[in-house]
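Engineer: Take a look at this one; I'll ask things after.
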Amino acid sequence: MGANSSTIKELSENEYLKKLSGMDSISENEPFWNQLLSFTLSTPTNSADSKLLEEGTLSICKSLIENNPRTGNLGALIRVFLSRTKELKISAECQNQLFIWQAHNALFIICCLIKVFTSQVSEEELLLHFTYRATDPGNYEADTEDLFEELLFCLIQLIVEIPLLDLTYSILLEAVTALIVLLSYQLFHKDILHESPIHKHLMNGRCLPYTSRLVKTLLYNFIRQEKSPPPGSHIFPQQQDGGGLLYGLASGVASGIWTVLTLGGVGSKPTPQQEQSSPLANQSLLLLLVLSNLTDSPDCPNPFRQSVTFFKNTQDSSVSPTPNPHSFQINFNSLYTSLCEQQKSDQATLLLYTLLHQNSNVRTYVLARSDMENLVLPILEILYHVEERNSHHVYMALIILLILTEDDGFNRSIHEVILKNITWYTERVLTEISLGSLLILVVIRTIQFNMTRTRDKYLHTNCLAALANMSAQFRSLHQYAAQRIISLFSLLSKKHNKVLEQATQSLRGSLGSDESPLPDYAQDLNVIEEVIRMMLEIINSCLTNSLHHNPNMVYALLYKRELFEQFRSHPSFQDIMQNIDMVISFFSLRLEQAGADLSVERVLEVIKQGAVALPKDRLRKFPELKFKYVEEEQPEEFFIPYVWSLVYHSGVGLYWNPQDVQLFTMDSG
């Protein structure tokens with residue numbers, strides 16, 4: 001940036017930036033600001049560009065940190081920005097580019113400076129920097145205004161009130177990014193920030209009444225998925241007649257001061273990733289997740305979380321008995337469509353989880369949709385490609401399925417949706433299969449992957465809980481889905497036998513010692529027997545509730561009947577084995593009576609006839625299998641690091657030095 005600057009490396013020597021960060025105070029009324037803010041660039045849209053920018057300006061920022069207590073130039077820059085924003089709404093309506101251009105540039109510089117401040121000084125020191133004014137060395141005067149709150153308030157107003165146009169896209173993106181940067185102190189702390197002066201400013205005072213409008217605007221930014229305007233389209237295009245007055249004024253101010261700064265932006269072609277993505281939508285979603293996961297203050301709950309929890313559909317005219325002051329209405333159909341389309345990203349999946357878990361209005365709406373496959377298929381694809389996803393993305397997808405399977409209507413309807421040619425499922429060609437059967441296949445595959453790779457008990461538990469919730473509603477299971485259920489049981493049986501043998505040997509070796517701890521193999525045996533018990537309960541639930549709807553399940557059971565013999569007399573499984581054993585015996589006898597060398601079609605016909613004749617009162621009734629997702633006691637210990645890891649890895653115009661970041665002990669991003 002700066003006079004005759006053509007590369008990022010030259011920024012540290014730019015005379016205007018050096019003056020801003022130097023030892024001399026600059027009044028808000030000096031022509032210097034017009035010169036400083038008259039440059040043209042596209043906001044960096046990836047972390048590589050942002051890293052170059054930070055490296056080129058780091059010495060300038062550190063110099064400002066050192067000199068600002070005497071000069072107050074940071075405050076002066078912010079006041080200049082605030083003055084430029086007063087006419088922004090009118091400027092947007094009138095297509096007046098000059099005010100928007102300079103306001104964007106001022107905010108861009110402020111954002112770059114504050115991002116370095118957050119890594120170099122504490123929150124308290126940062127807020128103090130907002131109060132410094134020009135005075136004698138070592139002293140400062142406190143402003144009568146709260147400049148920091150004024151900046152926050154201005155950014156929120158800008159986001160919610162300025163219309164989204166090609167002309168305003170960059171400044172809206174910069175405003176959203178600036179709020180993320182102001183909240184980014186969490187990145188530099190290993191522990192969760194429960195007390196934060198910046199959080200208090202956002203959740204109280206002048207900003208509080210704008211809570212619902214901010215959340216609504218961020219959601220609509222996500223819904224709209226507006227791509228960046230073509231590079232240079234919003235930056236004073238020269239007209240064929242040599243340019244109008246506006247162009248002449250802008251280029252005249254900029255001439256000899258700033259050249260076009262290209263960070264993969266002006267004058268260059270956008271990458272395919274840039275063409276396909278929406279930086280504003282992505283950044284808005286990240287800010288929304290950050291705000292909704294701020295910890296509650298001692299005197300009031302997080303208003304942003306309340307807003308996310310209570311917003312309603314625009315078509316919902318009901319009146320809540322105790323309306324929440326931060327609630328609002330939004331188009332649920334548009335929101336649903338965007339959620340379905342964006343599930344490849346962690347943050348969209350996290351938003352879907354948040355809404356399903358916390359907002360009963362959204363959950364009710366989603367469960368009532370007749371096109372549920374549009375939402376479920378992307379979630380299944382995440383689980384299917386488990387090797388390519390980080391563990392937290394997989395957990396979110398799995399918990400979403402668990403929440404959905406708590407509803408019996410969902411469990412029935414997914415077996416009525418017939419899918420054709422699922423191309424991403426490569427184990428077997430599935431020319432036609434129900435959504436319910438596909439869900440079973442993918443969940444079982446996730447369990448098997450976990451058994452051989454991660455061995456995470458929590459993942460096992462949630463997978464089995466989802467299958468258990470569905471089991472009473474299994475309908476017309478695809479033959480391959482039925483086979484995979486029994487194949488999983490076969491795998492568990494083999495593992496049980498192996499661990500049992502190892503546990504027996506381990507126990508024999510420890511008999512000579514009275515103080516020996518419980519051998520690890522014995523603990524493993526307890527875990528595997530819990531999983532086997534769960535699988536038997538799932539099979540039993542299917543047989544007792546919907547046997548006549550699932551001949552393929554009975555067929556698979558009979559084909560592998562020898563698997564179940566070892567568990568008939570096992571004390572942990574005797575009760576649940578009674579029904580399974582009776583079904584096996586009943587259908588085995590009918591097949592013997594039907595003759596030998598039966599075709600598959602004939603076996604299925606015998607099973608269908610037998611399902612009608614089987615006396616249901618002979619099957620023992622067990623309690624219905626129902627599992628509900630229960631959030632951990634301290635969810636912020638998981639979600640806040642997760643959200644900030646997504647911000648850290650997002651690559652949308654932000655870069656933090658990994659050596660400074662303290663939060664990340666996880667593999668997400």
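The values are calculated or read from the model by the stated rules, or taken from the named source; none is laboratory data. If you're wondering where the values come from, they're calculated on a predicted model, not measured in any experiment. Counting neighbours? That spans all protein chains shown, and the Cβs are built from the backbone with ideal geometry, glycine included. We work out accessible area using only protein heavy atoms, side chains counted, and drop any ligands, DNA or RNA first. Shrake-Rupley method; radii C 1.70, N 1.55, O 1.52, S 1.80 Å.
Engineer: Being part of a loop (DSSP other than H, G, I, E, B), of a type in the set (A, V, I, L, M, F, W, C) and modelled with pLDDT of 90 or more narrows it down to one residue among LEU164, LEU173, LEU128, LEU155; which is it?
Structural biologist: Values: LEU173 fails: part of a loop (DSSP other than H, G, I, E, B); LEU128 fails: part of a loop (DSSP other than H, G, I, E, B); LEU155 fails: part of a loop (DSSP other than H, G, I, E, B).
Among LEU164, LEU173, LEU128, LEU155, only LEU164 is part of a loop (DSSP other than H, G, I, E, B), of a type in the set (A, V, I, L, M, F, W, C) and modelled with pLDDT of 90 or more.
Engineer: Consider region 379-405. How many of its residues are more than 14 Å from the chain's Cα centre (by Cα) and open to solvent by less than 50 Å² (accessible area, probe 1.4 Å)? I'd like the intermediate steps shown before the answer.
Structural biologist: The first filter runs over region 379-405 and keeps only residues more than 14 Å from the chain's Cα centre (by Cα), leaving 380-381, 383-388, 401-405.
With the extra rule that they be open to solvent by less than 50 Å² (accessible area, probe 1.4 Å), the set shrinks to 380, 383-386, 401-405.
Counting residues in region 379-405 that are more than 14 Å from the chain's Cα centre (by Cα) and open to solvent by less than 50 Å² (accessible area, probe 1.4 Å) gives 10.
Engineer: Determine if region 575-584 includes at least one residue that is acidic (Asp, Glu), on the phi > 0 side of the Ramachandran plot and without any contact (Cβ under 8 Å) to a residue 60 or more places away in the chain.
Structural biologist: No, region 575-584 contains no residue that is acidic (Asp, Glu), on the phi > 0 side of the Ramachandran plot and without any contact (Cβ under 8 Å) to a residue 60 or more places away in the chain.
Engineer: Looking only at residues that are surrounded by 13 or more Cβ atoms within 10 Å (Cβ to Cβ) and without any contact (Cβ under 8 Å) to a residue 60 or more places away in the chain in region 549-562, which one is nearest to LYS494 (Cα to Cα)? Write out each step before concluding.
Structural biologist: Just the residues of region 549-562 that are surrounded by 13 or more Cβ atoms within 10 Å (Cβ to Cβ), to begin with: 549-561.
With the extra rule that they be without any contact (Cβ under 8 Å) to a residue 60 or more places away in the chain, the set shrinks to 554, 558, 561.
Numbers: VAL554: 21, LEU558: 18, ARG561: 15 Å.
Restricting to residues being surrounded by 13 or more Cβ atoms within 10 Å (Cβ to Cβ) and without any contact (Cβ under 8 Å) to a residue 60 or more places away in the chain, the top hit is ARG561.
Engineer: Here's something else I'd like to know. It is to be established whether one or more residues within region 563-581 are surrounded by fewer than 11 Cβ atoms within 10 Å (Cβ to Cβ) and either farther than 30 Å from HIS392 by Cα or modelled with pLDDT of 85 or more (or both).
Structural biologist: Kept after step one, since they are surrounded by fewer than 11 Cβ atoms within 10 Å (Cβ to Cβ), are these residues of region 563-581: 569, 571.
If we keep only those that are either farther than 30 Å from HIS392 by Cα or modelled with pLDDT of 85 or more (or both) as well, we get 569, 571.
So far as region 563-581 goes, yes, one or more of its residues are surrounded by fewer than 11 Cβ atoms within 10 Å (Cβ to Cβ) and either farther than 30 Å from HIS392 by Cα or modelled with pLDDT of 85 or more (or both).
Engineer: Follow-up question, since we're still on this one. Does region 322-369 hold any residues that are of a type in the set (D, E, K, R) and either open to solvent by less than 50 Å² (accessible area, probe 1.4 Å) or modelled with pLDDT of 95 or more (or both), and which are they?
Structural biologist: So the first thing to find is which residues in region 322-369 are of a type in the set (D, E, K, R), and the list is 341, 344, 346, 363, 369.
Across region 322-369, the qualifying residues are GLU341, ASP346, ARG363, ARG369.
Engineer: Search region 601-628 for residues being loosely packed, with under 12 Cβ neighbours inside 10 Å and within 26 Å of ALA466 (Cβ to Cβ), and hand back the single one that is modelled with the highest pLDDT.
Structural biologist: That would be LYS628.
Engineer: Restricting to region 42-64, name every residue that is open to solvent by 10 Å² or more (accessible area, probe 1.4 Å) and at pLDDT below 80.
Structural biologist: SER42, THR43, THR45, ASN46
Engineer: Here is a follow-up. For region 158-176, give me the residue count where each residue is touching a Ser or Thr at 6+ places or on another chain (Cβ under 8 Å) and not acidic (Asp, Glu). Let's see the steps before the verdict.
Structural biologist: Taking region 158-176 as the starting set, the residues that turn out to be touching a Ser or Thr at 6+ places or on another chain (Cβ under 8 Å) are 158-160, 162, 166, 169-170, 173-174, 176.
Imposing the further condition that a residue be not acidic (Asp, Glu) reduces the set to 158-160, 162, 169-170, 173, 176.
Number satisfying all stated conditions: 8.
Engineer: Quickly run through region 296-305 and pick out the residues that are open to solvent by less than 50 Å² (accessible area, probe 1.4 Å) and in a helix (DSSP H, G or I).
Structural biologist: First pass over region 296-305, keeping only residues open to solvent by less than 50 Å² (accessible area, probe 1.4 Å): 297, 300, 302-304.
Across region 296-305, the qualifying residues are PRO303, PHE304.
Engineer: Okay, moving on. Return yes when LYS457 is under 25 Å from the mean Cα position of the chain (by Cα), surrounded by fewer than 20 Cβ atoms within 10 Å (Cβ to Cβ) and not polar (S, T, N, Q) and no when it is not. Working first, answer last.
Structural biologist: Values: under 25 Å from the mean Cα position of the chain (by Cα): yes; surrounded by fewer than 20 Cβ atoms within 10 Å (Cβ to Cβ): yes; not polar (S, T, N, Q): yes.
In short, yes.
Engineer: I've got another one for you. I'd like to know if region 107-116 contains one or more residues that are farther than 27 Å from PHE188 by Cβ and of a type in the set (Lys, Arg). Write out each step before concluding.
Structural biologist: So the first thing to find is which residues in region 107-116 are farther than 27 Å from PHE188 by Cβ, and the list is none.
There is no residue in region 107-116 that is farther than 27 Å from PHE188 by Cβ and of a type in the set (Lys, Arg).
Engineer: Related question: Which condition from (1) open to solvent by less than 30 Å² (accessible area, probe 1.4 Å); (2) among the aliphatic types (A, V, I, L, M); (3) more than 30 Å from VAL308 (Cβ to Cβ) is the one that MET372 breaks?
Structural biologist: (3)
Engineer: So if I check each of ALA76, ALA92, which one is surrounded by 19 or more Cβ atoms within 10 Å (Cβ to Cβ), of a type outside the set (Asp, Glu) and either within 16 Å of TYR16 (Cα to Cα) or in contact with a His (Cβ under 6 Å, 6 or more places away or on another chain) (or both)? Don't jump to the end; show me each part of the working.
Structural biologist: Details: ALA92 fails: either within 16 Å of TYR16 (Cα to Cα) or in contact with a His (Cβ under 6 Å, 6 or more places away or on another chain) (or both).
The match here is ALA76.
Engineer: Only one of (1) farther than 18 Å from LEU20 by Cβ; (2) within 30 Å of the chain's Cα centre (by Cα); (3) open to solvent by less than 10 Å² (accessible area, probe 1.4 Å); (4) not β-branched (Val, Ile, Thr) fails for LEU126. Which number is that?
Structural biologist: Result: LEU126 fails condition (1) only.
Engineer: Further question: I'd like to check something: does region 20-41 contain any residue that is modelled with pLDDT of 80 or more and closer than 25 Å to GLN283 by Cα? Working first, answer last.
Structural biologist: To start, the set of residues in region 20-41 that are modelled with pLDDT of 80 or more comprises 20-38.
So of that shortlist, the ones also closer than 25 Å to GLN283 by Cα come out as 37.
Among the residues of region 20-41, at least one is modelled with pLDDT of 80 or more and closer than 25 Å to GLN283 by Cα, which makes the answer yes.
Engineer: Residues GLN157, GLN186: which one is within 19 Å of TYR642 (Cβ to Cβ) and surrounded by 17 or more Cβ atoms within 10 Å (Cβ to Cβ)? Spell out the reasoning first.
Structural biologist: On the way: GLN157 fails: within 19 Å of TYR642 (Cβ to Cβ).
Testing whether each residue is within 19 Å of TYR642 (Cβ to Cβ) and surrounded by 17 or more Cβ atoms within 10 Å (Cβ to Cβ) leaves just GLN186.
Engineer: Taking SER391 and the conditions (1) farther than 25 Å from LYS494 by Cα; (2) at pLDDT 90 or above, which numbered condition does it fall short on, given that it satisfies the others?
Structural biologist: (2)
Engineer: Does ILE538 count as at pLDDT 95 or above and surrounded by 14 or more Cβ atoms within 10 Å (Cβ to Cβ)?
Structural biologist: In short, yes.
Engineer: Separate question: Can you pull out the residues in region 471-484 that are of a type in the set (A, V, I, L, M, F, W, C) and under 16 Å from HIS548 (Cα atoms)?
Structural biologist: ALA472, PHE474, LEU477, ALA482
Engineer: Is it the case, given these coordinates, that ALA482 is aliphatic (A, V, I, L, M) and in contact with a Leu (Cβ under 7 Å, 6 or more places away or on another chain)? If you could, list the steps in order and put the result at the bottom.
Structural biologist: Details: aliphatic (A, V, I, L, M): yes; in contact with a Leu (Cβ under 7 Å, 6 or more places away or on another chain): no.
No.
Rundown of residues vs (1) part of a helix (DSSP H, G or I); (2) closer than 25 Å to ILE192 by Cα; (3) under 16 Å from the mean Cα position of the chain (by Cα), yes/no style:
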| residue | (1), (2), (3) |
| --- | --- |
| VAL290 | yes, yes, yes |
| LEU294 | no, yes, yes |
| SER317 | no, no, no |
| ASN324 | no, no, no |
| CYS340 | yes, no, yes |
| THR349 | yes, yes, yes |
| LEU356 | yes, yes, yes |
| ASP371 | no, no, no |
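Engineer: Restricting the search to region 189-203, which residues are open to solvent by less than 50 Å² (accessible area, probe 1.4 Å) and part of a loop (DSSP other than H, G, I, E, B)?
Structural biologist: Just the residues of region 189-203 that are open to solvent by less than 50 Å² (accessible area, probe 1.4 Å), to begin with: 192-193, 196-199, 201-203.
Correct list: ILE192, LEU193, SER196.
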